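Taken together, the values in this text are just the output of simple stated rules run on the coordinates, not laboratory data. The model shown is predicted, which means the values in this text are computed figures rather than measured ones. Heads up, the Cβs are rebuilt from the backbone with ideal geometry, glycines too, and the neighbour counts pull from every protein chain shown.
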Amino acid sequence: MLSEDLKKIRDLQVREDVPLLPLTSFRIGGPAHLFLVPGSLKALEQTISYLSNRSIPYKVLGRGSNLLISDKGVKIVMSLAALNSIHSSPRGHFLKTVSVGAGCRLDSFVSWSIRNGLSGLENLSGIPASIGGAIAMNAGTNKFSMSEAIEAVQFTGPDGSCWLRRDRLQFDYRSLRLPDRALISAARIQLCKADPDRIRRRVKRVMLKRRATQPAGEPSAGCIFRNPPGDSAGRLIDRCGLKGLRIGDAEISKRHANFIVNCGKASALQVVDLLKIIRERVQKETGIKLVPEVSVWGMET
């Protein structure tokens, strides 16, 4: 039996029928039949090797943002939350390289950076992601992207783990091309020394702007569509008069049109229906085909 075999891997926590809804920022989704939490890099390597060599598909869960999960759930989900260590080493007088596990929360890492007087990721404050997820999505704003701070990324696949330096990585807008059958397990991030109070003030400004322009406090997956070149997906959706459109408890945010919010007990199907309406209306009225930024598990969009 699959679960019994996986339980033989040391430092691997195996749980069955785990609700995923509370683990996502959307508060939508069914259960994971198997929920795997490797407690060490070795356990992660052995788990990936076992699953990949048997062609058993699985999903990797970070903070659960930028994600919509089917109401029926998914079969196997792996969380890297236990791989969250942080270690720093000096790189000259002004720079520091920080090694961080993919499961570390981005907000926790920003807080750690402030306490240690290290600047570089302030513009990512408030993004609900893990380090691994932020790198895989090349998370960012119109001023800064995660790729700009990356020195190297550790990938883990069926054959073990390896590090790739920044110049060998293929980052793009809100994406990173991952090696075949591999996931991000750690990263080395370059930060610069700065006054902690100045860093805190920058973070405060970023957070105030985010709260003023985005539906903070309402369950959502973040921006639903990628911005097309030279334009804003939110502006296009607003131009089509779609703000406030609602299906069941899924609603296009009245504050920011590129957000869909869960007003209560929205289903994944209701969100997908809204996605289809948005794409069809925007393409019909502007000729622009919007590309989803959110990942969808177990459903077609």
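Working from Cα pairs under 8 Å separated by at least six residues, relative contact order for region 2-79 is 36 percent. Distance between the pseudo-spin-label points of R255 and L95 (7 Å out from Cα toward the beta carbon): 3.8 nm.
Annotation: aspartates and glutamates with alpha-carbon distance below 15 angstrom to K284 (same-chain offsets under eight excluded): D238.
What share of the DSSP beta bridges in region 2-79 is antiparallel, in percent to the nearest 5? Each step should come with its number before you reach the end.
Numbers: 7 of 14 bridges.
Counting DSSP beta bridges with both partners in region 2-79, the antiparallel share is about 50 percent.
P(r) for region 86-210, from all Cα pairs and a bin width of 5 Å, is 2, 11, 22, 25, 20, 12, 5, 2, 1 %, short bins first.
With q set to 0.11, 0.15, 0.25, 0.26 Å⁻¹, the log10 of I(q)/I(0) for region 2-79, from the Debye formula over equal scatterers at the Cα positions, is -0.27, -0.49, -1.17, -1.22. When the Cα atoms of the chain are aligned to their principal axes, the ranges along those axes come out at 54, 51, 31 Å in descending order. For the residue pairs K72/K276; K75/K265; K72/K143, the alpha carbons lie more than 29 Å apart in K72/K143. If you bin all the Cα-Cα distances of region 215-297 at 10 Å, starting from zero, the percentages per bin are 19, 58, 22, 1.
GluC sites (Glu not before Pro), restricted to region 249-301: which are DSSP loop and have at most 16 other Cβ atoms within 10 Å? Sparse-neighbourhood loop GluC sites (Glu not before Pro): E300.
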